[in-house]
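First comes the structure, then the notes that go with it.
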Amino acid sequence: MQENYVIGIDFGTDSVRALVVNAHTGEQAGTAVQEYSRWKAGKYCDAATSQFRQHPLDYLEGLEAAVLQALSEAPEHVRKQIRGIAVDTTGSTLVAVNRDGTPLSLLPGFEENPNGMFILWKDHTANAEAEEINTLAHSWSVDYTRYVGGIYSSEWFWSKILRTLRVDEEIRENAFSWVEHCDWISAELTGITDPLTMKRSRCAAGHKALWHPEFEGLPSNAFFTKLDPLLDGLRDRLFTETETSDKPMGAISKKWAEKLGIPTDVIIGVGAFDAHMGAVGALIEPYSLCKVIGTSTCDMLVAPNDEVGHLLIKGICGQVDGSVVPGMLGMEAGQSAFGDIYAWFAKLITAPVKSLLGDEAAKVLSQKLLPYLAQQASLLPVTDDDIIAIDWHNGRRTPDAKHTLKGGILGLNLASDSVKIFKSLVEATAFGSKSIVERFRNEGVEIHEVIAIGGVAKKSPFVMQTLADILNMPIKVAASEQACALGAAMFASVASGVHESLQDAQQAMSSGFDTVYQPRPEVVVIYQKLYQKYVQSGAFIEHEFLAKV
């Protein structure tokens with residue numbers, strides 16, 4: 001049998017990863033990671049105002065470098081046997097484009113304009129616009145938020161578009177349409193970027209852009225015009241139909257085939273979001289909760305439509321037929337900050353060291369700090385009187401999106417040291433995960449097991465053990481360190497015809513699991529009490545403290 005290879009490309013928050021894999025065995029032939037140079041330099045971002053933008057050149061340069069490096073690790077014959085490529089990205093990460101589908105920041109005069117760049121998933125500059133969308137949707141004849149948990153988020157498509165149109169006249173005058181990163185980069189690889197004809201991801205459109213067959217595509221133009229006349233007519237310059245990621249976007253363009261040194265008949269698949277493809281790479285099954293744990297979390301759940309399709313699950317990030325596994329209902333939830341909270345705490349400690357002792361001392365401390373804190377925290381007992389922290393440092397994604405919320409730490413005394421506070425922050429992120437599990441169960445969706453992927457899942461036993469204890473469920477960690485890229489590769493194998501179905505691709509290409517964390521009965525009972533304190537403390541911050549400041 002002739003060998004066939006596929007490439008999965010995973011665009012994360014900080015870097016892009018390419019994985020070249022044998023589509024029949026799952027054997028890795030090459031892999032590489034390329035950081036975004038402009039993003040790493042802190043350009044176009046302002047954390048104080050929650051503005052996070054990425055230049056499309058970071059994506060284009062990163063893709064080319066990562067794929068070429070990954071291919072250079074593979075035997076020479078592999079290049080000629082590449083059959084398909086599929087891409088996953090963060091989301092909702094969107095950009096304003098001209099009539100040709102070119103991001104405005106790639107055009108003269110817009111090169112340094114953050115509003116013409118990709119607006120990253122964690123950009124929260126559109127909080128006010130999200131509230132307006134919710135207010136109008138809940139009073140409209142059709143509640144367009146019914147399939148996204150009943151609450152529209154500032155992290156999503158329409159909120160970001162509306163704010164950008166309001167604050168930037170040049171973008172308003174030159175933006176013909178708007179495109180998600182997973183759609184644009186896939187179309188770019190084919191050379192066909194016309195925003196009116198490019199295939200749009202079911203995953204992105206359903207979870208972030210209010211697309212649903214019941215609405216005959218997107219919400220009505222009347223709704224958007226009522227929201228703001230600036231949106232009048234934009235619906236007609238977007239899309240009506242969507243595609244699942246087992247479908248082809250098209251063949252690779254001659255330009256990109258030459259850049260990458262691969263055949264011109266390579267098929268590019270329809271893109272999707274990283275967590276959704278990561279869940280596929282981690283062998284998600286019905287009623288398995290797959291947690292992608294990194295700077296934030298994205299939690300994926302799939303179930304047969306005939307069993308849960310009648311439910312409208314409140315407070316999650318959407319329920320979309322085929323967004324994860326074609327033919328099944330895909331449900332998404334997640335936390336706006338997870339690893340980012342640990343990084344914040346580390347920076348809190350290391351920043352004065354950098355100022356007082358210099359970069360080298362701060363660098364050494366940064367490398368050792370979090371592993372040290374985790375090791376020391378693992379030695380601490382779990383007691384009823386432990387510090388309680390709330391994990392809303394970047395707002396709350398689910399359940400019940402509200403990105404104006406703030407985090408908190410309660411129960412400090414003069415014996416509270418850095419290790420105890422770090423332990424409380426880890427527990428807070430786990431409590432936030434538990435609140436998501438509880439919401440699904442309360443809404444009638446069972447969760448039978450937990451699967452974990454991502455950097456935190458692979459690197460921090462303390463965090464994962466704490467999560468297992470607080471969820472009171474075993475957690476299986478996928479063996480692949482690149483589950484998102486592997487899931488993209490699986491989709492590429494189906495879109496290119498190497499495999500007939502996604503299930504066939506998973507069976508052939510999976511690398512299984514390498515670790516299982518079991519809950520410890522002696523601390524589960526205590527964590528159940530602490531979780532109630534977490535819920536009460538969160539309610540106080542949301543309804544009493546923040547309401548009065």
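The values are calculated or read from the model by the stated rules, or taken from the named source; none is laboratory data. Values in this document were obtained by computation on a predicted structure and should not be read as measured data. When we count neighbours, we look across all protein chains shown, and the Cβ atoms used for this are built from the backbone with ideal geometry, even at glycine.
Being closer than 17 Å to residue 488 by Cβ and in the same structural domain as residue 193 (by TED's automatic domain parsing) narrows it down to one residue among 49, 90, 102; which is it?
90
Can you go through 72, 50 and tell me which one is farther than 30 Å from residue 504 by Cβ, surrounded by fewer than 23 Cβ atoms within 10 Å (Cβ to Cβ) and hydroxyl-bearing (Ser, Thr, Tyr)?
Criteria check complete, one pass: 50.
Residues 387, 349: which one is in contact with a Ser or Thr (Cβ under 6 Å, 6 or more places away or on another chain) and not basic (Lys, Arg)? Let's see the steps before the verdict.
Values: 349 fails: in contact with a Ser or Thr (Cβ under 6 Å, 6 or more places away or on another chain).
Exactly one residue qualifies, and that residue is 387.
What residue, among those in the stretch 22-39 that are more than 23 Å from the chain's Cα centre (by Cα) and surrounded by 19 or more Cβ atoms within 10 Å (Cβ to Cβ), is farthest from residue 505 (Cα to Cα)?
So the first thing to find is which residues in the stretch 22-39 are more than 23 Å from the chain's Cα centre (by Cα), and the list is 22-30.
Of the ones still in play, those that are also surrounded by 19 or more Cβ atoms within 10 Å (Cβ to Cβ) are 22-23, 26, 28-30.
Numbers: 22: 11, 23: 7, 26: 9, 28: 15, 29: 17, 30: 19 Å.
Taking the candidates together, the pick is 30.
Give the residues of the stretch 170-193 that are of a type in the set (A, V, I, L, M, F, W, C), surrounded by fewer than 22 Cβ atoms within 10 Å (Cβ to Cβ) and in a helix (DSSP H, G or I), sorted by residue number.
Within the stretch 170-193, 171 is the sole residue that qualifies.
Would you call residue 483 touching a residue at least 60 places away in the same chain (Cβ under 8 Å), more than 28 Å from residue 426 (Cα to Cα) and crowded, with 23+ Cβ neighbours inside 10 Å?
Values: touching a residue at least 60 places away in the same chain (Cβ under 8 Å): yes; more than 28 Å from residue 426 (Cα to Cα): no; crowded, with 23+ Cβ neighbours inside 10 Å: yes.
Criteria not met by residue 483.
Can we say residue 546 is part of a helix (DSSP H, G or I), among the hydrophobic types (A, V, I, L, M, F, W, C) and crowded, with 19+ Cβ neighbours inside 10 Å?
Working: part of a helix (DSSP H, G or I): yes; among the hydrophobic types (A, V, I, L, M, F, W, C): yes; crowded, with 19+ Cβ neighbours inside 10 Å: no.
No.
Filter the stretch 194-204 down to the residues that are surrounded by 21 or more Cβ atoms within 10 Å (Cβ to Cβ) and either touching a helix residue (DSSP H, G or I) at 6+ places or on another chain (Cβ under 8 Å) or among the hydroxyl-bearing types (Ser, Thr, Tyr) (or both) and list them by number.
The answer is 195, 198, 199, 200, 201, 203, 204.
Given the residues 492, 468, which is the only one that is within 20 Å of the chain's Cα centre (by Cα), aliphatic (A, V, I, L, M) and under 30 Å from residue 203 (Cα atoms)? Write out each step before concluding.
Working: 468 fails: within 20 Å of the chain's Cα centre (by Cα).
That would be 492, the only listed residue that is within 20 Å of the chain's Cα centre (by Cα), aliphatic (A, V, I, L, M) and under 30 Å from residue 203 (Cα atoms).
Can you pull out every residue in the stretch 408-442 that is among the acidic types (Asp, Glu), part of a helix (DSSP H, G or I) and farther than 24 Å from residue 331 by Cα?
In the first step, residues of the stretch 408-442 are kept if they are among the acidic types (Asp, Glu); the result is 417, 427, 438.
With part of a helix (DSSP H, G or I) added as a condition, the list becomes 427, 438.
Residue satisfying the conditions is 427 alone.
Of all residues in the stretch 176-192, which are over 18 Å from residue 119 (Cβ atoms) and touching a helix residue (DSSP H, G or I) at 6+ places or on another chain (Cβ under 6 Å)?
The one that is over 18 Å from residue 119 (Cβ atoms) and touching a helix residue (DSSP H, G or I) at 6+ places or on another chain (Cβ under 6 Å): 189.
Which condition number does residue 511 fail, the rest of (1) assigned to a helix (DSSP H, G or I); (2) modelled with pLDDT under 95 being met?
If we test residue 511 against (1) assigned to a helix (DSSP H, G or I); (2) modelled with pLDDT under 95, just (1) comes out false.
Given the residues 135, 125, which is the only one that is in contact with a strand residue (DSSP E or B) (Cβ under 6 Å, 6 or more places away or on another chain) and closer than 21 Å to residue 396 by Cα? Working first, answer last.
On the way: 135 fails: in contact with a strand residue (DSSP E or B) (Cβ under 6 Å, 6 or more places away or on another chain).
Only one candidate qualifies: 125.
Take residue 160 and decide whether it is under 18 Å from residue 277 (Cα atoms), basic (Lys, Arg) and within 22 Å of the chain's Cα centre (by Cα). Break it down stepwise before answering.
Working: under 18 Å from residue 277 (Cα atoms): no; basic (Lys, Arg): yes; within 22 Å of the chain's Cα centre (by Cα): yes.
Judged against the criteria, residue 160 is not a match.
Picking from 405, 380, which residue would you name as being under 19 Å from residue 530 (Cβ atoms) and not in a strand (DSSP E or B)? Reasoning before the result, please.
On the way: 405 fails: under 19 Å from residue 530 (Cβ atoms).
Matching residue, one of 405, 380: 380.
For the stretch 120-169, how many residues meet the condition of being buried (at least 21 other Cβ atoms within 10 Å of the Cβ) and of a type in the set (Asp, Glu)?
Adding up the residues that qualify gives 3.
Of all residues being in contact with a His (Cβ under 8 Å, 6 or more places away or on another chain) and buried (at least 19 other Cβ atoms within 10 Å of the Cβ) in the stretch 398-449, which is modelled with the highest pLDDT? Just the residue, please.
407
What number of residues in the stretch 139-193 are small (Gly, Ala, Ser) and more than 18 Å from residue 318 (Cβ to Cβ)? Quick ask: steps written out before the conclusion?
Initial filter on the stretch 139-193 (small (Gly, Ala, Ser)): 139, 141, 149-150, 153-154, 159, 175, 177, 186-187, 191.
Retained after the next criterion (residues that are more than 18 Å from residue 318 (Cβ to Cβ)): 139, 141, 175, 177, 186-187, 191.
Total meeting the criteria: 7.
Looking only at the stretch 220-252, how many residues end up being surrounded by fewer than 19 Cβ atoms within 10 Å (Cβ to Cβ), part of a loop (DSSP other than H, G, I, E, B) and not charged (D, E, K, R)?
Adding up the residues that qualify gives 3.
Run residue 279 past the list (1) more than 20 Å from residue 8 (Cα to Cα); (2) crowded, with 21+ Cβ neighbours inside 10 Å; (3) not aromatic (Phe, Trp, Tyr) and report the number of the one that doesn't hold.
(1)
Tell me, which strands (runs of 3 or more DSSP E) lie completely within the stretch 278-360 with 1 or more residues that are free of Cβ contacts under 8 Å to residues at least 40 places away in the same chain and either over 24 Å from residue 464 (Cα atoms) or among the aliphatic types (A, V, I, L, M) (or both)?
Because the criterion is at least 1 residues that are free of Cβ contacts under 8 Å to residues at least 40 places away in the same chain and either over 24 Å from residue 464 (Cα atoms) or among the aliphatic types (A, V, I, L, M) (or both), the strands (runs of 3 or more DSSP E) in the stretch 278-360 that meet it are 297-304, 328-335.
For the stretch 1-12, what are the residues that are surrounded by fewer than 20 Cβ atoms within 10 Å (Cβ to Cβ) and either under 21 Å from residue 269 (Cα atoms) or small (Gly, Ala, Ser) (or both)?
Here is the first cut: in the stretch 1-12, the residues surrounded by fewer than 20 Cβ atoms within 10 Å (Cβ to Cβ) are 1-4.
Selection gives 3, 4.
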